[in-house]
């Protein structure tokens, strides 16, 4: 099962990124580089402020307890939703 199928199957929780659209394989135009790029598949997902949690963790280092608790609760809710 690929990532887009899994993401589609687990939609509905506020702790899971929203899947906007699946984009089939083919060529897409890159406006930044003004060239065509070949893709196997792509997903359009909602834009979330703050970026990826893992990158944030490496940048920040150790979170204070209340911040770590906040993220932990969100992760547990997302996992609970998947099961």
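Modelled spin-label separation between residue 39 and residue 3, with each label point placed 7 Å from Cα along the Cα-to-Cβ direction: 1.1 nm. Pairing the Cα long axis of helix 65-82 with the longest principal axis of the chain, what angle in degrees results, from 0 to 90 and rounded to the nearest 10? For helix 65-82, the angle is close to 60 degrees. With neighbour counts taken as other beta-carbon atoms within 10 Å, the residues 19, 48 rank, fewest first, as 48, 19.
Within the listed set 60, 73, 17, the residue fluctuating most in the Gaussian network model of the chain (springs between alpha-carbon atoms under 10 angstrom) is 60. Structure remark: mean-square fluctuation, Gaussian network model of the chain, C-alpha springs under 10 Å; the largest value among 21, 46, 35 belongs to 35. For 83, 69, the sequence from fewest to most other C-beta atoms within 10 Å is 83, 69. Calculated FRET efficiency, residue 55 to residue 29, Cβ-Cβ distance, R0 = 25 Å: about 0.35 to the nearest 0.05.
FYI, it's all coordinate maths here, none of it is from the lab. Remember, predicted model here, so these are calculated numbers, not experimental data. In this analysis, Cβ positions are derived from the backbone assuming ideal geometry, glycine residues included, and neighbour counts consider all displayed protein chains.
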